[in-house]
Amino acid sequence: MTTFWWVMGGCGLFIVIIVIYDLIQTKHAILRNFPIIGHLRYILEAIGPELRQYIVTNNDEERPFSRDQRRWVYASSKKQNNYFGFGTDNDLEISPNYLILKHQTLPPPDLPSPNSNYDIPCAKILGNHRKRDKAFRPTSIINLSGMSYGSLSSAAVSALSQGSEICNCLYHSGEGGIAPFMKTGAGIIWQIGTGYYGCRDENGAFSLDRFNEVVQETPQIKAIEIKLSQGGKPGLGGILPAAKITKEISQIRGIPQGKDCRSPAFHSAFSGLDGLLDFVELLAGETGLPVGIKACVGEEKSWDELARLMESGGRGVDFVAIDGGEGGTGAGPLAFTDHVGLPFKVGFPRVYKAFAKRGLHEKVVFIGSGKLGFPETALLSIAMGCDMVHIAREAMLAIGCIQAQRCHTGHCPTGVATQNSWLVRGLSPGHKAARFANYVTILRKEMLQLTHACGESHPSLISSDHFEILDEFYKGHTPTELFGYEPSWGVPSEPDRQEIKKIMVSLSHNPM
């Protein structure tokens, strides 16, 4: 019996040591928030492929992101082996809408080698179309998408902000205003939503004075984005549940605690497309910053009219960010998340064609978002006409999100999408910042590898004809055919091609 109690005491001491270690370590949010029990998740995850193969689902069935996709993000963010063995487990021949990149048989040997950060600057200068005083060339074609403080925790926002600076990509505020820990040196896109958080008066209306104050106080702001709608709940406005509204968030947004924060579905500072363009020019005139819009695509008439007004007048947006209906949100009604808004591959071409028919596609910067945070989908969006890609949920995965889909409850187990102080403490911004930066760097790296396989030096030089989309009848269709593009659309002019090649050579460790 004495031996038994010694063994039991030793086991108890061992468990106590593990609990103490889990509570003080900062690398794993799950273990820090749920000592001992959290280890079960990692054990189950380790044998997950075998369990799913025989019991639950395969590697490509889970949604919104499959196990293969999440594994790639996790491994990339941790600088682990992100390769897959034994070849593809996808059925290439009978999977409808299956994407194939057509590589070049003999790519040129003199492509410039990327630098250690795998920098890929934007092919266009943001704000050059309207000659804004503070026009600039974004240093990364991969940037963060809008996720506000409130929807995300302070620790998650800090991690993404710090990570953006490490990998030199633009940080995006989301519609919740500018929080103190967002002020990254890499630059901020400040989003102005229908609630005008951070630039509203006591009645909730837009305040130009407050707007100017924030811009002057925050030199890191590089561009302004007017949010018309988002892919997760287009036409509805934002929703921040009362459980997520802390005292700090209340002060930053200028809203009361204790009740849900609901952004209106429509802007009150302007009405109609004429009013929108006047508002754009007002903000740009006050600040000199590039000003653009973000929207999920529904009806098409407004986009044709917007392009017509920009072609015929002296007003215009500097960039257009199109979010697909498959985009994410922290909280939204099921009917909106599932059935409102066109998916990216359907909606973006309709907008792009409206601008291209009037020659505006070479002047306006186009941004795509909505599950585009993977090398092949990001590159396809560039070939379709995007100049940059904005990522959100993939960034959340990189800093520890496990796709628990509890964003709307305030009980996110990893501390990413919650304001629960106990859960938030599990997320260490320093460690997670490095993981986000690693993910963005690897994403750019693999985009460049795919680009080089096609014989080009920059993703913008890839045309939609480098891709085929297979159907279930053994036929392949190019995006140019499917989307009704002209051959010249989506690719830079010859002078721009030469300029882009010079930029990539200047960034190369071994310029040719």
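The values are calculated or read from the model by the stated rules, or taken from the named source; none is laboratory data. Note that this is a predicted model, so its numbers are computed, not measured. All Cβ positions, glycine included, derive from the backbone under ideal geometry; neighbour counts span all protein chains shown.
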Filter result (crowded, with 22+ Cβ neighbours inside 10 Å and either within 20 Å of the chain's Cα centre (by Cα) or not in a helix (DSSP H, G or I) (or both)) within the stretch 346-360: G347, F348, P349, V351, Y352
Return yes when E165 is charged (D, E, K, R), under 18 Å from the mean Cα position of the chain (by Cα) and outside any loop (DSSP other than H, G, I, E, B) and no when it is not. yes
Taking the stretch 183-206 as the search range and keeping residues that are under 22 Å from D318 (Cα atoms) and among the polar types (S, T, N, Q), which one is modelled with the lowest pLDDT? T194
Members of the stretch 123-142 that are out of contact with any Phe, Trp or Tyr (no Cβ under 8 Å at 6 or more places or on another chain) and surrounded by 22 or more Cβ atoms within 10 Å (Cβ to Cβ): A123, K124, P138, S140, I141, I142
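Restricting attention to the stretch 31-45, and to residues there that are assigned to a loop (DSSP other than H, G, I, E, B) and among the hydrophobic types (A, V, I, L, M, F, W, C), which single residue is surrounded by the fewest Cβ atoms within 10 Å (Cβ to Cβ)?
Filtering first and then ranking leaves I36.
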Those helices (runs of 4 or more DSSP H) completely within the stretch 400-512 that have 1 or more residues that are farther than 30 Å from R358 by Cβ are 421-424, 429-453, 494-507
Against the definition (part of a helix (DSSP H, G or I) and not β-branched (V, I, T)), how does F366 come out, yes or no? no
When residues of the stretch 195-223 are limited to those that are surrounded by 19 or more Cβ atoms within 10 Å (Cβ to Cβ) and hydroxyl-bearing (S, T, Y), the one farthest from S268 (Cα to Cα): Y197
Could you go through the stretch 411-420 and let me know if any residue there is out of contact with any Leu (no Cβ under 7 Å at 6 or more places or on another chain), hydrophobic (A, V, I, L, M, F, W, C) and crowded, with 20+ Cβ neighbours inside 10 Å. no
Answer yes or no: is there a residue in the stretch 296-314 that is in contact with a helix residue (DSSP H, G or I) (Cβ under 8 Å, 6 or more places away or on another chain) and closer than 21 Å to F211 by Cα. no
Among G285, G258, which is the only one that is on the phi < 0 side of the Ramachandran plot, without any contact (Cβ under 8 Å) to a residue 24 or more places away in the chain and surrounded by fewer than 17 Cβ atoms within 10 Å (Cβ to Cβ)? G285
Can you name the number of the only condition in (1) surrounded by 20 or more Cβ atoms within 10 Å (Cβ to Cβ); (2) more than 24 Å from I367 (Cβ to Cβ) that G231 fails? (2)
